[in-house]
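K.L.:
To start, I am sharing the structure in question, which I have written as structure tokens.
The values are calculated or read from the model by the stated rules, or taken from the named source; none is laboratory data. This is a predicted model, so every value here is computed, not measured. A quick note on method: Cβ atoms are made from the backbone with ideal geometry, for glycine too, and the neighbour counts reach across all protein chains shown.
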Amino acid sequence: MVSSSKIALSAYELVEEVKVGSISVEDYIASMIERIGSMDERINAYITLNDHALEEARMIDKMVKGYSNDNGSYATKSLLGVPLAVKDNISTQGIRTTCASRMLEDYVPLYDATVVKRLKGAGAIVIGKTNMDEFGMGSTTEFSAFGATHNPWVYERVAGGSSGGSAAALAACMASIALGSDTGGSVRCPASFCSIYGLKPTYGLLSRYGLISYANSLECIGLMARSVLDLALMLKVAAGSDMQNDHTSIDANSSISLDLESMNHDLKGMRFATIREIVESEGTDEPVRDSMFDALSSVERLGAVVEEVSIPSLRYALASYYTIAMAEASSNLARYDGVRYGYTAQPDGVAWNEFYSKIRSNFGSEVKRRIMLGTYVLSSGYYGRYYMKAQKARALIRDEMLKVLNHYNAIMLPTMPILPPRIGERISDPLRLYMVDICTVIANLAGIPALSIPYSMYNGLPIGVQFMARHLDEPLLLRIAYALESARGDKVRRCMI
Amino acid sequence: MTSIGNSDARVRIGLEIHCQLTALRSKLFCTCPADYRGKEPNTNVCPVCLGMPGTLPLLNRRAIEYAMMLALVLNCKIPSRITFYRKNYFYPDLPKNFQITQYNAYEQASVGVDGVVELDDLDGSSKTIRIRRLQLEEDPGRLAYDGSIDRSNYALVDYNRAGVALVEIVSEPDFNAPNEVRLFLNRLASILEHLGICNPALEGAVRCDANVSIGEQARVEIKNINSFKDVERAVTFEITRQRSLAARGIEIRGETRHWDDARRITVQARAKEEEEDYRYFPEPDIPSIVISSKDVEAIKASMPELPHARVERFVNVYSLSRDTAKILVGEKHLADLFEASIKYYDNARSVANWIVTDLKGYLERYDDGGGDGSSSSSNSVILAKVTPKHIAELAMLVDSGKINRATARQILQRVIATGMLPSAIVQSINVDMLSNKDELASIVDKVIEEERKAFMDALSNEKALNYLLGKVMRYSNGRADPKLVLSMLKERVIGTSKTGQ
């Protein structure tokens, strides 16, 4: 078995050891599975574990020992043997993919999502599928048919959502890297609440093929890790178009150059903007604001200049975001009807519409709420009043954000305006719950990349800081994170070991 | 009183036509073969066209090009941005419970808008049919019932067809008579064949809905018309139905009716409880396609010769009459057969006449109750056997006086039965024309002997003369030269009347 200090290794460190043969992947995966066995009953990060993980680990060990005839190609695999947690709305061939919903409780995909395929190709091992808000609809991972995920740092608090299982798994060292999805902050929110990194890439940079749709025009697969270098490794592997399956991804693999060697430890010459409407908002908790100001002085010490700007259209952001997301969701989730896959029932003697009602009553309450609201805003006569107006607001917000980014390298914000709430605290009031997405949805509306960086702790509760950059400027976000990571050193804990 | 067939300004008919792009190799949004026909149910499918979770559509570029070609031929404008929309409704044949289609209520987003088609071959007059829009969309799957839809206890779903590219053409209600509808659809079938984008002969490749209204009365939709040929019948029936209701003072209800092709009537579809709301919105998984004038020019340049130009060429190059040329071009396979046949025998007019009168006449006799307007499957079997060489030889044999037309028609039947070349058939059965007066005289005498009464009638009745001619032809196995026989019969009749026998 592998010692607990090794379990907390960064992916890039782990890969080094695997390649020189100082760590057996089989031992490593076995230790991690054992750790999950002892910890996850309390945390509930995983819905399903991969039965074949150990088998895959043995294959890699054979490669490294030269027992298989792969001609040493393992040496080029940048994620060799790395345990990967995958959010349960990202398709994995042969491993059930539930979206944390009763509707897909037994659904096993026939194919791997493109991003999963790419990470596996680089040697990563899917260790399991992680808990989430049903179909990604929530900010706390409480709306799951498989129960809430608990925050590993403070057990009675939420892990954030909707990719709460992936974030909790990383913080508790039950995986080395993780995939989430981000429709309005679903990667960054739990990253912030669990003190890890969460990157929402430029819309279209990662293929969405295999990501089970909630709100297509907003969502991306997001990357989660405990170190900046791991994030960079993942991005390098995952980015790029998949023209065979997916017209909506960008062929930008070559344009993103990640020269980690030459990354600076300072931010000299950088200009960042904060947004007055958010920093001054009453909805922002005092400790969060304090942490934000502390982060501000940190980047200034690293040589950056920070100025405050105003983006008046931000007051339309939440309304615009939720209108569009719910409209798209109402259509995307129509396919779960019990005819082809997923939850079904005996159809004998039941008329179509009756059958559909019966089957579809198995959605959770939040999903039902969003389907109904989405159906309403698309109804004839209301399209112009809601959906079209929301799209206009979205265009306005995007334009204002891009205008700011014409003058500044990045926008700097808290990730979440609040500290991680207690389990059950927010879930009963949907409107209050929707409000906490204000700092994150704007990146999805604009399609720009955004990164949540673990920054501080307040009474043991993690607080993150968020940066947003121009389209395809992920390298800049990584550089900022790298400089902060170096500057903060041991002041930030990113895992519990 | 107005007859049904005539144009009546009070009658307004509009069409909604669906054409599958059968020439495409793959479906509209995935790589499954577009040709689903004859396959085991649910074998021509993949995660994308089954709407499995997480799959995304990948637009077939050629489908856009084909649809643009058709839009250009129908004189549509091509918008500078083409956008797909989702049409949301629950139905088991729809894998995603929405259909990816196009929608013009919020912007001009479909492949073509505002087209016009001139119907210039109406008897003596012409008229303009406006095309409201031409759009590209995905075909749903198919439901199979245990017997009739009303009695069946269950429905089975076959998704083999789901996702096949479909072009929908919507006309304004500019037709005033069923025959105008027929002319338009024939024209369209010929265009589809000439563009090579859709084979209308394939079962289900073309489908049509029609709407019919008279004067200020409500509009009635007729759905489920599965062949172009039946559209004229359905519309004719519906006009008669509405007129007879009106004559009895019964109000015509706005409703959807189905065409029952077995009984050849329209029947009321199950009434909908409420107006369906499709909640259209732009498909977020397919970015809008920007079309430049350069793109349009490139499509134009890539288009094959169209029916109109082909008619002109046949008239100018081969000196065919305009009518003959139009009949040939009206069914592309006939025009193709013509052009191939004249390579073997360069008397173009003779070859054309052979195809237009004899071959086409033969095909039509075998096409009673056939599926569609252009050619039935039995016709395609026949046409596969009749090669250009066959046609050329038949025309040549008749022109050279070796056989008469009647014999040639019989040979055509043998050609179809055996695939043998006409010259070989002539040799094998000795069908050279009988024009020897002495040989014929014995047959003529025999017939007069047997048909004494008819012969006496012939003194005063021309028809009886034709009856006798028919019998002589039969006895000679069709080899007799009919002109010669007729003159011989007349001689006998005149001789008889002179002698007063």
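K.L.:
Just one of (1) buried (at least 19 other Cβ atoms within 10 Å of the Cβ); (2) within 19 Å of B:A392 (Cβ to Cβ) trips up B:N347, so point out which.
P.N.:
So the condition that B:N347 fails would be (1).
K.L.:
Filter region A:18-73 down to the residues that are at positive phi and either in contact (Cβ under 8 Å) with a residue 40 or more places away in the chain or surrounded by 15 or more Cβ atoms within 10 Å (Cβ to Cβ) (or both) and list them by number.
P.N.:
A:G21, A:N44
K.L.:
Next up: Give the residue, chosen from A:S213, A:S249, A:S257, that is out of contact with any strand residue (DSSP E or B) (no Cβ under 9 Å at 6 or more places or on another chain), modelled with pLDDT under 95 and assigned to a loop (DSSP other than H, G, I, E, B).
P.N.:
Exactly one residue qualifies, and that residue is A:S257.
K.L.:
Something else now. Output the residue which, of all residues in region B:83-106 that are over 17 Å from A:G338 (Cα atoms) and within 31 Å of the chain's Cα centre (by Cα), is farthest from the other protein chains (Cβ to nearest Cβ).
P.N.:
Out of the qualifying residues, it is B:Q102.
K.L.:
Hey, another quick one. Let me confirm something: among B:P47, B:P53, B:P57, B:P41, which residue is under 26 Å from A:R208 (Cα atoms) and either touching a residue at least 60 places away in the same chain (Cβ under 8 Å) or among the aromatic types (F, W, Y) (or both)?
P.N.:
B:P57
K.L.:
Determine if region A:113-123 includes at least one residue that is in contact with a Phe, Trp or Tyr (Cβ under 9 Å, 6 or more places away or on another chain), more than 14 Å from every other protein chain (Cβ to nearest Cβ) and over 23 Å from A:M39 (Cβ atoms).
P.N.:
Yes, that holds for at least one residue.
Each row is one residue, and each column tells you yes or no for (1) farther than 19 Å from B:P57 by Cβ; (2) modelled with pLDDT of 95 or more.
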| position | (1), (2) |
| --- | --- |
| A:Y316 | yes, yes |
| A:A319 | yes, yes |
| A:A325 | yes, yes |
| A:A329 | no, yes |
| A:R335 | no, yes |
| A:V339 | yes, no |
| A:Y343 | yes, no |
| A:Q346 | yes, no |
| A:N353 | yes, no |
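K.L.:
Taking the residues in region A:296-319 that are surrounded by fewer than 24 Cβ atoms within 10 Å (Cβ to Cβ) and of a type in the set (G, A, S) as candidates, determine which candidate is nearest to the other protein chains (Cβ to nearest Cβ).
P.N.:
A:A319
K.L.:
Then there is this: Can you tell me which residue is farthest from the other protein chains (Cβ to nearest Cβ) among those in region A:359-388 that are part of a helix (DSSP H, G or I) and surrounded by fewer than 17 Cβ atoms within 10 Å (Cβ to Cβ)?
P.N.:
Checked region A:359-388; the qualifying residue farthest from the other protein chains (Cβ to nearest Cβ) is A:S365.
K.L.:
Is it true that some residue in region B:207-218 is surrounded by fewer than 18 Cβ atoms within 10 Å (Cβ to Cβ) and aliphatic (A, V, I, L, M)?
P.N.:
Yes, the conditions are met somewhere in region B:207-218.
K.L.:
Sticking with this structure for a sec: Have a look at B:P282, B:P287 and point out the one that is without any contact (Cβ under 8 Å) to a residue 12 or more places away in the chain and within 14 Å of chain A (Cβ to nearest Cβ).
P.N.:
B:P287
K.L.:
For region B:143-184, how many residues meet the condition of being of a type in the set (D, E, K, R) and within 23 Å of B:Y66 (Cα to Cα)?
P.N.:
The qualifying residues number 3.
K.L.:
Looking only at residues in region A:11-62 that are small (G, A, S) and in contact with a strand residue (DSSP E or B) (Cβ under 8 Å, 6 or more places away or on another chain), which one is nearest to A:V158 (Cα to Cα)?
P.N.:
Per the stated criteria, the residue is A:A45.
K.L.:
Before we move on, is A:T284 away from chain B (no Cβ under 14 Å) and not in a strand (DSSP E or B)?
P.N.:
In short, yes.
K.L.:
Another question, if that's okay. Within the bounds of region B:44-65, is there any residue that is closer than 30 Å to A:L333 by Cα, surrounded by 21 or more Cβ atoms within 10 Å (Cβ to Cβ), more than 14 Å from every other protein chain (Cβ to nearest Cβ) and not β-branched (V, I, T)?
P.N.:
yes
K.L.:
Please enumerate the residues belonging to region B:299-324 that are closer than 23 Å to B:N75 by Cα and hydrophobic (A, V, I, L, M, F, W, C).
P.N.:
B:I299, B:A301, B:M303, B:L306, B:A309, B:V311
K.L.:
Look at A:D70 and say whether it is of a type in the set (D, E) and over 25 Å from the mean Cα position of the chain (by Cα).
P.N.:
Here the answer is yes, as A:D70 does meet what is asked.
K.L.:
Hey, can you tell me all the residues within region A:1-17 that are without any contact (Cβ under 8 Å) to a residue 24 or more places away in the chain and more than 24 Å from A:L233 (Cα to Cα)?
P.N.:
A:S3
K.L.:
Hey, B:A298 hits all of (1) more than 27 Å from A:S213 (Cβ to Cβ); (2) assigned to a loop (DSSP other than H, G, I, E, B); (3) not charged (D, E, K, R) but one; which does it fall short on?
P.N.:
In the conditions (1) more than 27 Å from A:S213 (Cβ to Cβ); (2) assigned to a loop (DSSP other than H, G, I, E, B); (3) not charged (D, E, K, R), B:A298 misses (2) alone.
K.L.:
Assess whether A:G136 counts as being at positive phi, within 15 Å of the chain's Cα centre (by Cα) and at pLDDT 95 or above.
P.N.:
It is true that A:G136 is at positive phi, within 15 Å of the chain's Cα centre (by Cα) and at pLDDT 95 or above.
K.L.:
Right, something else. Could you tell me whether B:A392 is under 25 Å from B:K343 (Cβ atoms), assigned to a helix (DSSP H, G or I) and touching a Ser or Thr at 6+ places or on another chain (Cβ under 7 Å)?
P.N.:
Criteria met by B:A392.
K.L.:
Another question, if that's okay. Of all residues in region A:308-356, how many are in contact with a strand residue (DSSP E or B) (Cβ under 6 Å, 6 or more places away or on another chain) and within 30 Å of A:G269 (Cβ to Cβ)?
P.N.:
Residues in region A:308-356 being in contact with a strand residue (DSSP E or B) (Cβ under 6 Å, 6 or more places away or on another chain) and within 30 Å of A:G269 (Cβ to Cβ): 3 in total.
K.L.:
Of all residues in region B:235-259, which are within 18 Å of B:H18 (Cβ to Cβ) and out of contact with any helix residue (DSSP H, G or I) (no Cβ under 9 Å at 6 or more places or on another chain)?
P.N.:
B:T256, B:H258
K.L.:
Taking A:G424 as the residue in question, decide whether it is surrounded by fewer than 22 Cβ atoms within 10 Å (Cβ to Cβ), at pLDDT below 95 and within 14 Å of chain B (Cβ to nearest Cβ).
P.N.:
The answer is no for A:G424.
K.L.:
State all residues of region A:169-200 that are over 27 Å from A:A319 (Cα atoms), touching an Asp or Glu at 6+ places or on another chain (Cβ under 9 Å) and not in a loop (DSSP other than H, G, I, E, B); if no residue qualifies, say none.
P.N.:
A:A169, A:I177, A:Y197 - these are the residues of region A:169-200 that are over 27 Å from A:A319 (Cα atoms), touching an Asp or Glu at 6+ places or on another chain (Cβ under 9 Å) and not in a loop (DSSP other than H, G, I, E, B).
K.L.:
Have a look at B:Y91, B:Y103, B:Y145, B:Y85 and point out the one that is of a type outside the set (V, I, T) and free of Cβ contacts under 8 Å to residues at least 12 places away in the same chain.
P.N.:
B:Y145
K.L.:
Another question, if that's okay. Which pairs turn up if I take residues in region A:143-159 that are surrounded by fewer than 19 Cβ atoms within 10 Å (Cβ to Cβ) and look for partners that are in a loop (DSSP other than H, G, I, E, B) and of a type in the set (G, A, S) with beta carbon separation below 9 Å, at least 6 apart in sequence or on another chain?
P.N.:
Partner pairs satisfying both residue conditions: A:V154/A:G460.
K.L.:
If you go through region A:322-350 one residue at a time, how many are in a loop (DSSP other than H, G, I, E, B) and within 11 Å of chain B (Cβ to nearest Cβ)?
P.N.:
Here the count works out to 11.
K.L.:
Which condition number in (1) over 25 Å from B:K96 (Cα atoms); (2) in contact with a Leu (Cβ under 8 Å, 6 or more places away or on another chain); (3) of a type in the set (V, I, T) is the one that B:I222 fails?
P.N.:
It is condition (2) that B:I222 fails.
K.L.:
Right, here's the next one. Go over the candidates B:Y154, B:Y159, B:Y145 one by one and state the one that is crowded, with 20+ Cβ neighbours inside 10 Å and within 14 Å of chain A (Cβ to nearest Cβ).
P.N.:
B:Y159
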